Amino acid sequence: MNQSGNQLNDANPRSAGEPIFEMDSVATKPSLRIITILVLTALLTRGTASWLSLDSLKQDPDAYQAIAETLHHDHVFGLEADNGEIIPTSFRPPLYPSILSCFVLGEHVSQYAIAIFHLLLGIITAICTYQCCSVVCRNSYLKSGLDKVSEQVAITAGILVLIDPILIQQSTQTMTETLATAIASLVLRHWMVRSTNSNAWAAGCYAGLLLALAYLCRPTFLVWAVLLLAADRIPRIQNQTPPEQRRMNRVRFLAATLILSSVVLTWMLRNQAATGYPAWATTHGGYTLLLGNNPLFYEHLENNGMTKRWDATAFASAYRYRFGENPREESFWLNTRPHDIEPARPPEGMTEHEDDQISYQAAVATIQRSPANFLKASLNRVYRLWTPIPYAAEGRSNSKRAIIGLYYSLIYLCVAIGLIRYCRRRWMKLWPMIALVIALTGVHGFYWSNLRMRAPAIPVLAIFAAGGLNRIIKGSD
């Protein structure tokens, strides 16, 4: 009888009253040896890539540096117009350019400062991934060598984050992927490594602060925040949680919701005062919706299928004429215009929001005309988000595409094995990671997507892949 009881305890060491969304916070702090391994790996991968691509960090494809420099010199979150006037903007989320404004040396943002910042973010991401993976391993019912195996798998997860091709590439670009991924890993760490004995109000405020920073970096994260905060409110889950833990969860929920809501409201009020409209996210949501839902893109999918890259040159050319014509009409996008016809200028006093509404209305009109094509385009956007093989593009060789495609194909294979391993019992404990994947997939099923936009979920992939890789190498738990 005692032997049977011991076997049961080995198979399921958690008590029946344990709350579903609380993870064990045992021994998750990495040792100096582990930190050294991750830092050296970061220097070798991210550091080398940044050093070899310093010129790339001078480029500013999304105007983050331009906003940062305006903020630094003129104390306005905005852009300088052709006539020299500083115009407040909410075209981009505020966190990344606000941080970059601290790196302005002289007239411009220092690319060396960006490189160091991105390197530090990579190290943070790797350490948080290590901690989350360590906790997941300890809850995956390993039969022997628990500490040693957990450490090996967790180190592998941290290294996978640091050698990831997307994250290495994005660390050499002045874009939000590196920051967004680091914040996502901090959120995962808080949700999955938090202690049941911590102060509920402080834990809730910290959770709200992290979610607010994620939202200010990428508004997409607001969907993830809702999924995370709503989880503990599900009646079935509450019924499986001890009364004292339910009380702590309510306090945490209220504190996190209060912090997050206050930040969202503050950003909206700022946008109302500065740009004339209380945008809760940014003023280019309509454009990104239109980019993935326009007659030219739908026509491309009809003629070329899912796997061929779309050349958006014709779209960009037609988009310039949106002020003088009606982009809600299909003919607007399909007409060929003479080169000597200049596009109309925007009406006097038009705001960013009003301009973005033109794109939004054009996208909605396209969707309403072709609901079947919208469904096909949505499936394509999900494919673009998660495809292992990058599209062919200028400067991207077929050999490079093949190597990256092989890497991600192997990662996905390991992820599938890791999912089976980790989710065989109490898969709801992994909800923070699952919710992030759901949020990214759901949002980018509507809006434009490509494979770099899955960057925030790469720590999740690394955690599952590390477990799957260990299963392949070791054969069994």
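The values are calculated or read from the model by the stated rules, or taken from the named source; none is laboratory data. As the structure is a prediction and not an experimental result, all values here were calculated from the model. Backbone-built Cβ (ideal geometry, glycine too); neighbour counts: all protein chains shown.
Taking segment 177-232, which residues are closer than 21 Å to Trp280 by Cα and of a type in the set (Phe, Trp, Tyr)?
Passing the criteria: Tyr215, Phe221, Trp224.
Can you pull out every residue in segment 252-261 that is touching a residue at least 40 places away in the same chain (Cβ under 8 Å) and not charged (D, E, K, R)? Reasoning before the result, please.
First, the residues of segment 252-261 that are touching a residue at least 40 places away in the same chain (Cβ under 8 Å): 252-260.
Passing the criteria: Phe253, Leu254, Ala255, Ala256, Thr257, Leu258, Ile259, Leu260.
Determine whether Ala42 is buried (at least 18 other Cβ atoms within 10 Å of the Cβ), touching a Gly at 6+ places or on another chain (Cβ under 8 Å), of a type in the set (A, V, I, L, M) and part of a helix (DSSP H, G or I). Please lay out each step first, then the result.
Working: buried (at least 18 other Cβ atoms within 10 Å of the Cβ): yes; touching a Gly at 6+ places or on another chain (Cβ under 8 Å): yes; of a type in the set (A, V, I, L, M): yes; part of a helix (DSSP H, G or I): yes.
For Ala42, the condition - buried (at least 18 other Cβ atoms within 10 Å of the Cβ), touching a Gly at 6+ places or on another chain (Cβ under 8 Å), of a type in the set (A, V, I, L, M) and part of a helix (DSSP H, G or I) - is met.
For segment 269-301, which positions are of a type in the set (Gly, Ala, Ser) and assigned to a helix (DSSP H, G or I)? Write out each step before concluding.
Within segment 269-301, the first condition is being of a type in the set (Gly, Ala, Ser), and the residues that meet it are 273-274, 276, 279, 281, 285-286, 292.
Within segment 269-301, Ala273, Ala274, Gly285, Gly286 qualify.
Residue check, Pro343 against (1) in contact with a Lys or Arg (Cβ under 7 Å, 6 or more places away or on another chain); (2) under 27 Å from Arg454 (Cβ atoms), all met but one. Which one?
Here Pro343 meets the rest and fails (2).
If you go through segment 77-90 one residue at a time, how many are closer than 20 Å to His108 by Cβ and in contact (Cβ under 8 Å) with a residue 40 or more places away in the chain?
Total meeting the criteria: 3.
Looking at Ala457, Ala466, Ala402 in this structure, which one is touching a residue at least 60 places away in the same chain (Cβ under 8 Å) and more than 30 Å from Asn373 (Cβ to Cβ)? Show your work before the answer.
Values: Ala457 fails: more than 30 Å from Asn373 (Cβ to Cβ); Ala402 fails: touching a residue at least 60 places away in the same chain (Cβ under 8 Å).
None of the other options fit; the residue is Ala466.
Only one of Leu419, Leu436, Leu440, Leu430 is crowded, with 20+ Cβ neighbours inside 10 Å, modelled with pLDDT under 95 and touching a helix residue (DSSP H, G or I) at 6+ places or on another chain (Cβ under 9 Å); which?
On the way: Leu419 fails: crowded, with 20+ Cβ neighbours inside 10 Å; Leu436 fails: modelled with pLDDT under 95; Leu440 fails: modelled with pLDDT under 95.
One residue alone meets the criteria, Leu430.
Do we have Val149 as in contact (Cβ under 8 Å) with a residue 60 or more places away in the chain, more than 17 Å from the chain's Cα centre (by Cα), farther than 18 Å from Ala63 by Cα and buried (at least 19 other Cβ atoms within 10 Å of the Cβ) here? Step through it out loud before you land on a result.
Working: in contact (Cβ under 8 Å) with a residue 60 or more places away in the chain: yes; more than 17 Å from the chain's Cα centre (by Cα): yes; farther than 18 Å from Ala63 by Cα: yes; buried (at least 19 other Cβ atoms within 10 Å of the Cβ): yes.
Yes: the conditions hold for Val149.
Looking at segment 103-115 only, could you name the residues that are touching a residue at least 24 places away in the same chain (Cβ under 8 Å) and surrounded by fewer than 24 Cβ atoms within 10 Å (Cβ to Cβ)? Working first, answer last.
So the first thing to find is which residues in segment 103-115 are touching a residue at least 24 places away in the same chain (Cβ under 8 Å), and the list is 103-104, 107-109, 111-112, 114-115.
Within segment 103-115, Phe103, Val104, Glu107, His108, Gln111, Tyr112, Ala115 qualify.
Conditions tested, residue by residue: (1) of a type outside the set (Val, Ile, Thr); (2) surrounded by fewer than 20 Cβ atoms within 10 Å (Cβ to Cβ).
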site: Arg233; (1), (2): yes, yes
site: Phe253; (1), (2): yes, no
site: Leu260; (1), (2): yes, no
site: Thr266; (1), (2): no, yes
site: Asn293; (1), (2): yes, no
site: Glu302; (1), (2): yes, yes
site: Trp310; (1), (2): yes, yes
site: Tyr321; (1), (2): yes, yes
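Can you tell me which residues in segment 298-341 are farther than 20 Å from Phe374 by Cα and among the charged types (D, E, K, R)?
Selection gives Arg320, Arg322, Glu325, Arg337, Asp340.
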